[in-house]
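Here the structure is laid out as structure tokens; the discussion comes afterwards.
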Ligand SMILES: NC(=O)c1ccc[n+]([C@@H]2O[C@H](COP(=O)([O-])OP(=O)(O)OC[C@H]3O[C@@H](n4cnc5c(N)ncnc54)[C@H](OP(=O)(O)O)[C@@H]3O)[C@@H](O)[C@H]2O)c1
């Protein structure tokens, strides 16, 4: 008989119940690998179980409650008691990661969190282990399946944002309250965690600049098609001259970019470095059984020690004003000199135009441009001036463009 490895399970909702079912199905398969048979020794929910009792009877604690408290308190207490912890809690790790990793180090236990970023896509393990030998320069990620589903439906079926959101809710891809997803906050938490691991420097969720998809229109999708571009909610973490930049915003992609072909609720992360060019990982980004697969993978890894907590070897500055290429959409009265005046204001800020599309006539004309990369502060200074021109009929709309392609 194999020895029992006892798991205390905190939370028994979508992921927690899927974890229990998956463990029951797969437990025997781990005996030859680990010499032990993992088994749930206690479950805590709001109405069931006692934390102290569960802790006393566990070799490892799985935290699937979510949110900050009481999850933070339970995770700290478990590690202080010498237990390994596995969590899928991106909010907790992106805000209290430093405290938790310090606690794990102090007590010589593992804190694993593969399920916190991009569901079953094994990006944490790849960053910490497989690519440990390379200096990652940049990460681009589609790390929120809800928004990717909405944008896919808007682009492929011509749905409005509201129609696509409603459909996502009906199919269970979006919560009843989708705020964290559609504002980009959920993706920002995941990018904070990825940046922390890639650049060995503390990154807090509050340092991530994020922008959501609520203001995107079907018209932006139409122009994207005309210009040969796809629109995605992209998380970026990259080294820049003055430090690092971590941000989330809608961005246009050219078809040769590896993330351009990621559709529906899927997630994908592209890791770039000089030596390896790029590695892209993709797969289901959420869902009970999918996330439970990542969580159980972490449990098995913790049964085969050791794993390191992220070290702080750098003290990099998180920079907000960085260079981007832009799509600029303007509703204008079609008069002589419109293009020249817009181009002059852009030129004064050092912006140069890569391509232009003009549609419509008279009072109903649209001028859409793609600009070469320039500092965001300079671009927005030009946009403020352009918005005051007397032929502008609405506020100009700007969306970033990621202009590299890997072909
Ligand atoms: N759902 C996904 O697709 C997904 C994907 C990736 C990561 N995650 C992460 O996985 C974690 C769990 O998500 P989920 O979707 O499974 O959440 P969920 O369905 O809301 O389940 C939460 C569970 O935690 C329990 N709980 C809540 N507050 C508690 C408290 N104060 N004390 C004890 N138990 C408490 C709930 O108890 P009751 O049963 O009594 O309500 C429930 O069993 C979160 O960190 C989430 O971000 C989820």
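The values are calculated or read from the model by the stated rules, or taken from the named source; none is laboratory data. Remember, predicted model here, so these are calculated numbers, not experimental data. Heads up, the Cβs are rebuilt from the backbone with ideal geometry, glycines too, and the neighbour counts pull from every protein chain shown.
Go through the residues of the stretch 179-190 one by one and say whether even a single one is free of Cβ contacts under 8 Å to residues at least 24 places away in the same chain and out of contact with any helix residue (DSSP H, G or I) (no Cβ under 9 Å at 6 or more places or on another chain). The answer is no, given that none of the residues of the stretch 179-190 is free of Cβ contacts under 8 Å to residues at least 24 places away in the same chain and out of contact with any helix residue (DSSP H, G or I) (no Cβ under 9 Å at 6 or more places or on another chain).
Could you tell me how many of the residues in the stretch 305-328 are surrounded by fewer than 18 Cβ atoms within 10 Å (Cβ to Cβ) and in a strand (DSSP E or B)? Residues in the stretch 305-328 being surrounded by fewer than 18 Cβ atoms within 10 Å (Cβ to Cβ) and in a strand (DSSP E or B): 1 in total.
Can you confirm whether residue 302 is within 30 Å of residue 16 (Cβ to Cβ) and in contact with a helix residue (DSSP H, G or I) (Cβ under 6 Å, 6 or more places away or on another chain)?
Here the answer is no, as residue 302 does not meet what is asked.
Helices (runs of 4 or more DSSP H) fully within the stretch 1-79 that include at least 2 residues being more than 16 Å from the ligand (Cβ to nearest atom): 14-26, 31-34.
A single entry from 247, 239 fulfils the requirement of being buried (at least 22 other Cβ atoms within 10 Å of the Cβ), modelled with pLDDT of 95 or more and farther than 29 Å from residue 62 by Cα: 247. Scanning the stretch 35-48 for residues that are within 21 Å of residue 292 (Cα to Cα) and out of contact with any strand residue (DSSP E or B) (no Cβ under 7 Å at 6 or more places or on another chain) gives 45, 46, 48. For the stretch 49-58, how many residues are over 19 Å from residue 92 (Cα atoms), surrounded by fewer than 19 Cβ atoms within 10 Å (Cβ to Cβ) and in contact with a strand residue (DSSP E or B) (Cβ under 8 Å, 6 or more places away or on another chain)? Residues meeting the conditions: 4.
Just so you know, in the stretch 80-99 the residues that are outside any helix (DSSP H, G or I) and away from the ligand (no atom under 16 Å from the Cβ) include one that is surrounded by the most Cβ atoms within 10 Å (Cβ to Cβ), and it is 84.
Rundown of residues vs (1) touching a residue at least 12 places away in the same chain (Cβ under 8 Å); (2) surrounded by fewer than 23 Cβ atoms within 10 Å (Cβ to Cβ); (3) in contact with a strand residue (DSSP E or B) (Cβ under 8 Å, 6 or more places away or on another chain); (4) closer than 12 Å to residue 265 by Cβ, yes/no style:
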| residue | (1), (2), (3), (4) |
| --- | --- |
| 119 | yes, no, yes, yes |
| 123 | yes, no, yes, no |
| 132 | no, yes, no, no |
| 137 | yes, yes, yes, no |
| 142 | yes, no, yes, yes |
| 148 | yes, no, yes, yes |
| 151 | yes, no, yes, yes |
| 165 | yes, no, no, no |
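Evaluating residue 109 against the criteria (1) more than 10 Å from the ligand (Cβ to nearest atom); (2) within 15 Å of residue 300 (Cα to Cα); (3) outside any loop (DSSP other than H, G, I, E, B) leaves one unmet condition, (3).
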